[in-house]
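Quick notes on the structure that follows.
The values are calculated or read from the model by the stated rules, or taken from the named source; none is laboratory data. Computed from a predicted structure; not experimentally measured. Glycine gets a Cβ as well: all are built from the backbone with ideal geometry, and neighbour counts include every protein chain shown. Note: areas computed on protein heavy atoms with side chains; ligands, DNA, RNA excluded. Shrake-Rupley method; radii C 1.70, N 1.55, O 1.52, S 1.80 Å.
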Amino acid sequence: LTTLTHQVMENYTKGETREVEMEPLFEVDQTGVDMKVNAGSKIRNLMGYAMNKVKNPSVKRVVWNGSGKAITKTVTCAEIMKRKIKGLHQITKLRNRRIEEFWEPNVEGLERLKVNRDIPAISILLSKDPLDASTPGYQAPGSFEEFWKSEPQVFGVIC
């Protein structure tokens with residue numbers, strides 16, 4: 001199958017690539033900081049910038065956004081911030097970013113191809129102010145610590 005795909009695609013040249021615009025999962029105004037995490041971003045730099053912004057009392061929210069290979073780094077940044085600043089409320093949302101690739105034919109009679117690539121993405125809202133606890137993906141401040149304080153359970157059975 002790989003050889004067949006290679007033979008077919010050698011009849012095409014990669015052309016335009018564009019990201020389909022999507023509405024942000026969380027609105028960020030002047031009371032918030034929008035952090036975009038890339039695979040090559042340095043955690044130290046991201047955290048230094050975000051922590052410096054959060055020191056301002058008017059900043060109430062930080063949104064961490066990452067996709068593809070940057071998802072793990074995005075979660076790490078949010079978790080570090082929660083450990084450094086106690087009492088943060090959290091909402092996590094997942095979705096896909098769509099990338100459209102257009103392939104131009106090299107051979108007469110072939111049509112232009114459009115390939116959609118869906119890349120997983122995560123957005124994590126951390127807020128000093130309370131959030132709606134009924135929102136899917138909500139985590140209360142300290143909920144992680146509470147989980148580990150409870151009796152150990154395996155598949156719903158108390159050990």
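Of the set (1) free of Cβ contacts under 8 Å to residues at least 12 places away in the same chain; (2) in a strand (DSSP E or B), all apply to residue 125 but (1). Scanning the range 119-136 for residues that are surrounded by fewer than 20 Cβ atoms within 10 Å (Cβ to Cβ) and polar (S, T, N, Q) returns 127, 134, 135. The single condition among (1) open to solvent by less than 10 Å² (accessible area, probe 1.4 Å); (2) part of a strand (DSSP E or B) that residue 34 does not meet is (1). In the condition set (1) open to solvent by less than 70 Å² (accessible area, probe 1.4 Å); (2) modelled with pLDDT of 95 or more, residue 142 is compliant with all but (2). When the residues of the range 56-81 are filtered to those that are touching a Pro at 6+ places or on another chain (Cβ under 9 Å) and small (Gly, Ala, Ser), the one that is farthest from residue 122 (Cα to Cα) is 68.
Can you report the number of residues in the range 83-103 which are among the charged types (D, E, K, R), touching a residue at least 24 places away in the same chain (Cβ under 8 Å) and open to solvent by 40 Å² or more (accessible area, probe 1.4 Å)?
Keep residues of the range 83-103 that are among the charged types (D, E, K, R), which gives 83-84, 86, 93, 95, 97-98, 100-101.
Within this subset, residues satisfying the condition of being touching a residue at least 24 places away in the same chain (Cβ under 8 Å) are 84, 86, 93, 95, 97-98, 100-101.
With the extra rule that they be open to solvent by 40 Å² or more (accessible area, probe 1.4 Å), the set shrinks to 84, 86, 93, 95, 97-98.
Here the count works out to 6.
Picking from 15, 40, which residue would you name as being open to solvent by less than 70 Å² (accessible area, probe 1.4 Å) and modelled with pLDDT under 95? Before you say what the answer is, go through the steps one by one.
On the way: 40 fails: modelled with pLDDT under 95.
Going through 15, 40 in turn, just one is open to solvent by less than 70 Å² (accessible area, probe 1.4 Å) and modelled with pLDDT under 95: 15.
Residues of the range 37-55 being under 16 Å from residue 127 (Cα atoms), of a type in the set (Lys, Arg) and in a helix (DSSP H, G or I), which ones? The answer is 53, and nothing else.
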